Amino acid sequence: MRWTLKSEINPQITSKLAQELGVENTIAKLLVNRGIETFEQAKDFFRPNLNNLHNPYLMKDMDCAVSRIEKAISEGENILIYGDYDVDGTTSVSLVSSYLKTIHPNVATYIPDRYAEGYGISFQGIDYAEDNGITLIIALDCGIKAIDQVNYAKEKGIDFIICDHHRPGDKIPNAVAVLDPKQEDCEYPYKELCGCGVGFKLVQALASNQGKTIDDLVEYLDLVATAIAADIVPITGENRILAYFGLQVINQNPRTGIKAMIQQVKKEEFTITDVVFIIAPRINAAGRIKHGNYAVELLTEMDFDTAVKFASEIEKNNTDRKELDKTITNEALQQITDNSEEQTFSTVVYAENWHKGVIGIVASRLIETYYRPTLVFTKSGDKLAASARSVKGFDVYNALEQCSEFIEQFGGHKYAAGLTLEPSNYENFKAKFEEVVKNTLPEELRTPEISIDSEINLDEVTPKFFRILKQLEPFGPQNMKPIFMSGGLRDNGYGKKVGADETHLKLNIFQGSDQKTYNAIGFSMGEKHQITANGNSFKAVFNIDENHWNGYTSLQLLLKDIEEE
């Protein structure tokens with residue numbers, strides 16, 4: 001692990017902000033490093049307000065999108081809500097279809113089959129629309145590169161409205177409206193919305209034309225928060241506001257489908273992390289193992305007993321997904337070991353029988369063992385399909401662009417992408433990708449980094465300090481849970497390896513001459529016990545967390561890494 005201590009951007013601004021807010025310098029430094037430098041900015045950050053959401057009509061083509069939908073409603077047209085099969089796509093479809101059904105009866109939904117149709121807008125989906133007399137398709141979380149598909153639909157008299165958040169290509173589809181804040185000529189102030197976020201802005205614009213306010217749309221924010229969490233978008237600006245209030249809905253009054261899932265896991269309060277690791281995988285499992293329609297049915301179901309049945313089915317899908325994930329990860333790790341001479345800067349693995357629904361998860365798992373940009377391929381029809389995942393700081397989307405001569409189709413983000421290619425191009429692609437990564441991945445990015453917010457003394461770790469840290473939530477990209485570093489630490493002699501196979505490390509540590517001890521736990525750090533044994537002095541990086549045990553709550557340090565001093 002590389003330990004990187006963030007530099008203090010401006011000590012004068014930090015001191016002034018600490019004084020104005022009445023907080024310790026450490027808290028002020030956390031805020032300044034997150035771009036919050038004034039009292040007003042801090043107020044907006046600590047007290048998110050729905051009225052601070054941007055006017056949806058600032059987004060390019062929003063007026064065209066709304067007028068086309070209003071025309072469809074007034075003329076009784078059939079509308080199809082089309083979205084991808086992942087969490088962002090299925091929540092988007094659930095949100096927009098739920099809202100439109102409150103004002104228009106002729107609304108259908110469509111999720112492409114991951115295996116038969118693949119990612120994005122399919123010709124099969126357009127044929128379905130034609131067969132069912134649909135004249136308007138609203139595509140969510142996909143479509144920004146669907147040039148041919150939109151033209152195909154136009155020939156059949158079907159209009160498209162595209163709501164996407166992926167990076168556009170050189171050409172924009174010839175749709176009635178294209179809502180994507182990442183378009184170069186779109187002046188929308190916030191560029192990091194997820195697909196469901198763009199869908200919500202469309203609903204916000206439609207609702208405002210009907211005299212509704214943002215308060216009338218709060219019930220949809222559980223879906224938006226789930227998509228924000230699952231799609232790993234920055235939790236800044238509008239995303240922070242939407243996630244903050246969406247979490248309140250999840251915890252206080254969630255829609256029936258989410259309530260049914262929560263009931264199964266029996267957890268009282270959900271954080272963004274819980275949404276990422278508990279709710280999102282279950283929604284995703286439907287599209288991975290069966291069909292994304294299951295997720296939309298669950299998320300739009302009004303009857304609780306029916307939702308519980310859907311949730312049980314999805315729970316089974318999730319269990320199956322975990323088994324597949326484990327099996328394929330082990331096979332892929334063995335393949336890397338067998339081919340260790342071929343690749344040293346990237347990981348590219350392939351087996352034709354691997355389940356397409358879990359290769360993205362497997363790619364992330366492989367990075368945990370071999371920290372390098374990773375692609376996992378499987379057979380998909382007569383093509384090969386892959387999921388790509390990257391390491392911190394490396395743009396895998398750009399790397400794939402440099403290999404485009406061997407790729408049939410690709411799309412995605414800096415850290416996650418998908419692609420298809422002809423089987424005959426696999427070896428050439430693999431060699432080219434290795435070469436690109438070798439030439440463009442800086443040495444320092446080849447080791448996992450722990451980015452440390454601040455060095456602190458342990459006596460700063462107080463209940464009051466922790467209460468303020470909690471107010472930085474919800475955490476996520478660009479507002480990660482703060483990581484601290486402390487040195488001059490010793491264990492009081494009660495430190496030990498814990499867990500069934502002694503893989504974890506539990507310590508009672510103190511600093512310097514201060515005899516007050518602090519509980520610390522390091523998961524999967526049992527092998528580092530020797531560093532802390534025999535009164536050795538060490539330094540540690542950690543989060544501050546709460547430990548709930550037998551009805552008693554105490555602060556504890558959640559260790560990320562330790563080193564000898």
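Among the numbered criteria (1) in contact (Cβ under 8 Å) with a residue 60 or more places away in the chain; (2) out of contact with any Lys or Arg (no Cβ under 7 Å at 6 or more places or on another chain); (3) buried (at least 23 other Cβ atoms within 10 Å of the Cβ), which single criterion is violated by G357?
Answer for G357: the failing condition is (2).
Restricting attention to the range 94-135, report how many residues are of a type in the set (A, V, I, L, M) and outside any loop (DSSP other than H, G, I, E, B).
Within the range 94-135, residues that are of a type in the set (A, V, I, L, M) and outside any loop (DSSP other than H, G, I, E, B) number 8.
Which members of the range 56-86 meet the condition of being more than 26 Å from the chain's Cα centre (by Cα) and among the acidic types (D, E)?
Passing the criteria: D61, D63, E70, E75, E77.
In this structure, is A280 surrounded by 18 or more Cβ atoms within 10 Å (Cβ to Cβ) and more than 24 Å from P477 (Cβ to Cβ)?
no
Results for (1) among the β-branched types (V, I, T); (2) surrounded by 15 or more Cβ atoms within 10 Å (Cβ to Cβ); (3) in contact with a helix residue (DSSP H, G or I) (Cβ under 8 Å, 6 or more places away or on another chain), shown as yes or no for each residue.
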residue: L419; (1), (2), (3): no, yes, yes
residue: N428; (1), (2), (3): no, no, yes
residue: V436; (1), (2), (3): yes, yes, yes
residue: L441; (1), (2), (3): no, yes, no
residue: R446; (1), (2), (3): no, yes, no
residue: T462; (1), (2), (3): yes, no, no
residue: E473; (1), (2), (3): no, yes, yes
residue: M485; (1), (2), (3): no, yes, no
residue: N492; (1), (2), (3): no, no, no
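What number goes with the only condition from (1) at pLDDT below 95; (2) touching a strand residue (DSSP E or B) at 6+ places or on another chain (Cβ under 8 Å); (3) outside any strand (DSSP E or B) that K464 does not pass?
The one condition K464 does not meet is (2).
Search the range 510-539 for residues being of a type outside the set (F, W, Y) and closer than 22 Å to R467 by Cα, and hand back the single one that is surrounded by the most Cβ atoms within 10 Å (Cβ to Cβ).
Checking each candidate, the answer is A520.
Criterion first (outside the structural domain of I161 (by TED's automatic domain parsing) and of a type in the set (S, T, N, Q)) does S15 satisfy it?
Answer is yes for this residue.
From the list I232, I262, which residue is surrounded by fewer than 24 Cβ atoms within 10 Å (Cβ to Cβ) and over 14 Å from the mean Cα position of the chain (by Cα)?
When all the criteria are applied, what remains is I262.
Per-residue answers, yes or no, for (1) touching a His at 6+ places or on another chain (Cβ under 9 Å); (2) assigned by TED's automatic domain parsing to the domain that holds K481; (3) over 21 Å from M485 (Cβ atoms); (4) among the hydroxyl-bearing types (S, T, Y):
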{"position": "A500", "(1), (2), (3), (4)": "no, yes, yes, no"}
{"position": "Q511", "(1), (2), (3), (4)": "no, yes, no, no"}
{"position": "T517", "(1), (2), (3), (4)": "no, yes, no, yes"}
{"position": "S554", "(1), (2), (3), (4)": "yes, yes, yes, yes"}
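I'd like the full set of residues that are buried (at least 16 other Cβ atoms within 10 Å of the Cβ) and part of a loop (DSSP other than H, G, I, E, B), limited to the range 151-166.
Hits for the range 151-166 are I158, D164, H165, H166.
Residues of the range 212-234 being acidic (D, E), in contact (Cβ under 8 Å) with a residue 12 or more places away in the chain and in a helix (DSSP H, G or I), which ones?
Hits for the range 212-234 are D215, E219, D222.
Which residues, taken from the range 531-551, are of a type in the set (A, V, I, L, M) and under 33 Å from the mean Cα position of the chain (by Cα)?
Once the filter is applied, which keeps residues that are of a type in the set (A, V, I, L, M) and under 33 Å from the mean Cα position of the chain (by Cα), the range 531-551 yields A540, V541, I544.
Output the residues belonging to the range 58-84 that are hydrophobic (A, V, I, L, M, F, W, C), assigned to a helix (DSSP H, G or I) and touching a residue at least 60 places away in the same chain (Cβ under 8 Å).
Correct list: L58, M62, C64, A65, V66, I69, A72.
Could you list, in sequence order, the residues of the range 138-172 that are of a type in the set (G, A, S), farther than 18 Å from F200 by Cβ and within 28 Å of the chain's Cα centre (by Cα)?
Of everything in the range 138-172, those that are of a type in the set (G, A, S), farther than 18 Å from F200 by Cβ and within 28 Å of the chain's Cα centre (by Cα) turn out to be A146, G169.
Out of E37, E8, which single residue is at pLDDT 90 or above, closer than 27 Å to K392 by Cβ and among the acidic types (D, E)?
Only one candidate passes the filter, namely E37.
Restricting the search to the range 136-150, which residues are assigned to a helix (DSSP H, G or I) and either assigned by TED's automatic domain parsing to the domain that holds G357 or surrounded by 19 or more Cβ atoms within 10 Å (Cβ to Cβ) (or both)?
Within the range 136-150, Q149, V150 meet the criteria.
Criterion first (on the phi < 0 side of the Ramachandran plot and surrounded by 15 or more Cβ atoms within 10 Å (Cβ to Cβ)) does S380 satisfy it?
yes
The values are calculated or read from the model by the stated rules, or taken from the named source; none is laboratory data. All values derive from a computational prediction rather than experimental measurement. Ideal geometry is used to build each Cβ from the backbone, glycine not excepted, and the neighbour counts take in all protein chains shown.
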